[in-house]
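Contents: one structure, followed by commentary.
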Amino acid sequence: MIAVDTNVLARFYVDDPGDPEARKQRPAARRVLEGPSIFVPLTVLLELEWVLRAFYDFEPPDYAAVVNHLLGLSNVAVESRAAVMAAIDAHVAGLDFADALHLCSSHHCRALVTFDDKRFARRAQRLGLQPEVQMAG
């Protein structure tokens, strides 16, 4: 099994014809992802969402399509698959992906405590997500 970094996934999923490096790297990324056993860490998925949103203007449904495709590849294992799937649903429903991933990865906890992120707490409550997001202090 090999693990992949964010840049491999970004090159696999984004066709950036204006970038000469992308033209060279995209075929290599395809070959890597066609390998027999691929592992994707949570941290890579977190960074990938940021890259796709910040540099390629991906919206939550676009990112969900990427992750759902990745989850559907039989040769790919994604760390904490159930938490990722739940986080994708929460992200499409309006939660920031990082917040959704933090929350869904904490499913075994009574609460997730945060400072000053009332928007996160309100959205999670509105969506009926667990654990409860509580404000510290």
The condition of being of a type in the set (A, V, I, L, M, F, W, C), surrounded by fewer than 19 Cβ atoms within 10 Å (Cβ to Cβ) and either out of contact with any Ser or Thr (no Cβ under 9 Å at 6 or more places or on another chain) or over 25 Å from Asp15 (Cα atoms) (or both) holds, among Ala100, Ala82, Ala124, only for Ala82
Given the structure, is Ala64 of a type in the set (Gly, Ala, Ser), open to solvent by less than 80 Å² (accessible area, probe 1.4 Å), in contact (Cβ under 8 Å) with a residue 24 or more places away in the chain and within 18 Å of Arg11 (Cα to Cα)?
yes
Going through region 35-53 in order, the residues found to be out of contact with any Ser or Thr (no Cβ under 8 Å at 6 or more places or on another chain) and closer than 21 Å to Ala93 by Cβ are Leu45, Leu46, Glu49, Trp50, Leu52, Arg53
Check on Val14, aliphatic (A, V, I, L, M) and surrounded by 19 or more Cβ atoms within 10 Å (Cβ to Cβ)
no
Checked region 73-100 for anything assigned to a helix (DSSP H, G or I) and more than 17 Å from Gln130 (Cβ to Cβ); matches are Arg81, Val92, Phe97, Ala98
Filtering region 83-108 for residues that are under 13 Å from Leu42 (Cα atoms), touching a Cys at 6+ places or on another chain (Cβ under 8 Å) and in contact (Cβ under 8 Å) with a residue 24 or more places away in the chain leaves a count of 2
Listed by first then second residue, the pairs whose first member lies in region 1-24 and is under 21 Å from Val76 (Cβ atoms), whose partner is acidic (Asp, Glu) and surrounded by 15 or more Cβ atoms within 10 Å (Cβ to Cβ), with beta carbons under 7 Å and at least 6 positions apart or on separate chains, are Thr6/Glu47
Going through region 101-116 in order, the residues found to be out of contact with any helix residue (DSSP H, G or I) (no Cβ under 6 Å at 6 or more places or on another chain) and more than 15 Å from Glu132 (Cβ to Cβ) are Phe115, Asp116
When region 103-121 is checked residue by residue, the ones that are open to solvent by 40 Å² or more (accessible area, probe 1.4 Å) and farther than 30 Å from Ile2 by Cβ are Cys109, Arg110, Val113, Phe115, Asp116, Asp117, Lys118, Arg119
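The values are calculated or read from the model by the stated rules, or taken from the named source; none is laboratory data. A quick note: this is a predicted structure, and the numbers were derived from the prediction, not measured. Cβ sites come from the backbone with ideal geometry, for glycine too, and all protein chains shown count toward neighbours. The accessibility values were calculated without ligands, DNA or RNA, using every heavy atom of the protein model including side chains. Shrake-Rupley method; radii C 1.70, N 1.55, O 1.52, S 1.80 Å.
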